[in-house]
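Below is one structure, written out as structure tokens; comments come after it.
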Amino acid sequence: MDSILVRGGRELHGVIPIAGAKNACLTLMPATLLSDEPLTLTNAPRLSDIKTMTALLQSLGAEVTSLQDGKVLAMSSHDLTTHVADYEIVRKMRASNLVLGPLLARHGHAVVSLPGGCAIGARPMDLHTYGLECLGASIELKDGYLHATAPLGGLRGGVIEFRMPSVGATENVVMAATLAKGTTVIRNAAREPEIVDLVRCLRKMGAEIEGEGSSTITIQGVDRLGGATHQVVTDRIELGTYMLAPAFCGGEVELLGGRIDLVGAFCEKLDAAGVQVEETERGLKVRRKNGRVNAVDVVTEPFPGFPTDLQAQIMALMCTANGTSVLEERIFENRFMHAPELVRMGAKIEVHGGHATVTGVERLRGARVMATDLRASISLILAGLAAEGETVVSRVYHLDRGYERVEDKLGACGALIERVAS
Ligand code: UD1
């Protein structure tokens, strides 16, 4: 298994192109199942999660062709061969559950393996099944699989009131409702930019949807959807991650394709920490105002709040901040697994339930550390860039799920970072 070796202490100067959003692409790809005409995605990120979704769609009989070195995905679901999403693929990636809504809407049946828990928490599917049941589906759990069936005559519009906003459940229900008979209203919908991007694509395919980006989404069902070509929105999590790099190391980095509206709450925290963000013609330019950053408190929340997917990275930054910060994780119950690894590097962190208290130290020291999930891996790399000496981050397959060519992107700005094959 590969590791990443980082030698700390270098300022970063340069330009980092930000890829298309993994989480948008993972919901745009299953949208192909809604139509028998081609759907083409441009600006797709080159990540192993995208390969997993490709394999899943192909296992259902969809054609997925990767063009231009993976940046373009040409898909067609003209002839699907099965409506069963197998455990062997679903267990690799929770987002596989996003085929449930589209399969059910187009074919009247879907059998999708329950994804199971993952390192960051239990991650149940009750909101997905509740939403689809509001559209008339009957759903049963048998042998670890959700068996979903639409009523005779197909799904029908309904009113859905989510008890909490869920990105995946909102996406599944929006996709299913595009082909349901009548009007669907989703209340307490998630408002993430990836949902806005999905709706824009579905609209190009002929769907009638209003309210994306707000907490009420209204969908007027249509008889069929057509093909489309759609450019995947910028990855706000990759953007936020690399915006932190000069905050750790000093220097100045320009993030190509960056947009403030994708990272508003995050930018407020950076400002309070003493990190300057400037809009340029091609993106965002970031630099640390003084030496050490200030400690800031962070609470993770659904969009437009501070994203849980940037919590590990900001925690790593707080490890060398001036003062004490309290981080509260409100989305996932077990998302502080990077804390003990940061402690191995000399950080002072105490975790109590959903809170972590970080007391900034002057400097971290390099160590051998292990990544436990995708965002934890990158937080350890960022910490390593600022630490004294060498840091080796193992289990980097997590990293490859969500960051394309991390060593090239940071290396181009002067970071001493390399992949070590084992
Ligand atoms: C998506 C993102 C993930 C991000 C998360 C929160 C993708 C592919 N992944 O995950 O990177 O960290 O949003 O921003 O887009 N919940 C339930 N029942 C359900 C569904 C969710 O209780 O049926 C809970 C979850 O356990 C969690 C919260 O709702 O506590 C939010 O999860 P959700 O928004 O659904 O996350 P995902 O869509 O899985």
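The values are calculated or read from the model by the stated rules, or taken from the named source; none is laboratory data. Please read these numbers as outputs of a predicted model, since none were measured by experiment. Positions of Cβ are generated from backbone atoms using ideal geometry, with glycine treated the same way; all protein chains shown enter the neighbour counts. Side chains are part of the model used for accessible areas, which takes the heavy atoms of the whole protein and leaves out ligands, DNA and RNA. Shrake-Rupley method; radii C 1.70, N 1.55, O 1.52, S 1.80 Å.
Per-structure values
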quantity: Tabulated pairs, the range 330-342, first not assigned by TED's automatic domain parsing to the domain that holds L382, second aromatic (F, W, Y) and modelled with pLDDT of 95 or more, C-beta under 7 angstrom, 6+ apart or interchain; calculated: none
quantity: Some residue of the range 259-271 being away from the ligand (no atom under 16 Å from the Cβ) and over 22 Å from the mean Cα position of the chain (by Cα); calculated: yes
quantity: Residue among E350, E279, E333 that is within 28 Å of A190 (Cα to Cα), open to solvent by 40 Å² or more (accessible area, probe 1.4 Å) and either assigned to a strand (DSSP E or B) or away from the ligand (no atom under 16 Å from the Cβ) (or both); calculated: E279
quantity: Failed criterion for T300 (all others in (1) within 16 Å of the ligand (Cβ to nearest atom); (2) more than 15 Å from the chain's Cα centre (by Cα); (3) polar (S, T, N, Q); (4) at pLDDT 95 or above hold); calculated: (2)
quantity: Selected residue [within 24 Å of G227 (Cβ to Cβ) and within 14 Å of the ligand (Cβ to nearest atom)] from E210, E171; calculated: E171
quantity: Residue in the range 81-97 that is surrounded by fewer than 16 Cβ atoms within 10 Å (Cβ to Cβ), at pLDDT 95 or above and at negative phi present; calculated: no
quantity: Unmet criterion (only one of (1) closer than 22 Å to M29 by Cα; (2) in contact (Cβ under 8 Å) with a residue 12 or more places away in the chain) for V277; calculated: (1)
quantity: Residue in the range 250-259 that is in a helix (DSSP H, G or I) and surrounded by 18 or more Cβ atoms within 10 Å (Cβ to Cβ) present; calculated: no
quantity: Number of the condition not met by L225 [criteria: (1) exposed (fewer than 15 other Cβ atoms within 10 Å of the Cβ); (2) closer than 21 Å to V72 by Cβ]; calculated: (1)
quantity: Any hit, the range 284-297, residues being closer than 30 Å to S215 by Cβ, touching a residue at least 12 places away in the same chain (Cβ under 8 Å) and outside any strand (DSSP E or B); calculated: yes
quantity: Residues of the range 204-217 classified as over 26 Å from A265 (Cβ atoms) and buried (at least 17 other Cβ atoms within 10 Å of the Cβ), total; calculated: 3
quantity: Within the range 393-416, tally of residues that are out of contact with any strand residue (DSSP E or B) (no Cβ under 6 Å at 6 or more places or on another chain), touching a residue at least 60 places away in the same chain (Cβ under 8 Å) and among the charged types (D, E, K, R); calculated: 4
quantity: Number of the exception - L202 against (1) assigned to a loop (DSSP other than H, G, I, E, B); (2) more than 15 Å from the ligand (Cβ to nearest atom); calculated: (1)
quantity: Single unsatisfied condition, G116 versus (1) under 20 Å from the mean Cα position of the chain (by Cα); (2) modelled with pLDDT under 95; (3) outside any loop (DSSP other than H, G, I, E, B); calculated: (3)
quantity: Residues being away from the ligand (no atom under 16 Å from the Cβ) and buried (at least 24 other Cβ atoms within 10 Å of the Cβ) - total across the range 34-55; calculated: 3
quantity: Answer residue from the range 303-327, given it is in contact with an Asp or Glu (Cβ under 8 Å, 6 or more places away or on another chain) and open to solvent by 40 Å² or more (accessible area, probe 1.4 Å) and is nearest to the ligand (Cβ to nearest atom) among those; calculated: F303
quantity: Matching strands (runs of 3 or more DSSP E) fully within the range 120-191 where at least 3 residues are in contact (Cβ under 8 Å) with a residue 24 or more places away in the chain, open to solvent by 30 Å² or more (accessible area, probe 1.4 Å) and not aliphatic (A, V, I, L, M); calculated: 145-149
quantity: Residues within the range 212-236 that are part of a strand (DSSP E or B) and not hydroxyl-bearing (S, T, Y), tallied; calculated: 7
quantity: Any pair with Cβ under 9 angstrom, 6 or more apart, that starts in the range 85-99 at a residue that is closer than 20 Å to L132 by Cβ and ends at one that is near the ligand (Cβ under 8 Å from one of its atoms) and open to solvent by 10 Å² or more (accessible area, probe 1.4 Å); calculated: R94/R123; R94/G168; A95/K22; A95/N23; A95/G168; N97/M125; N97/G168; L98/G168
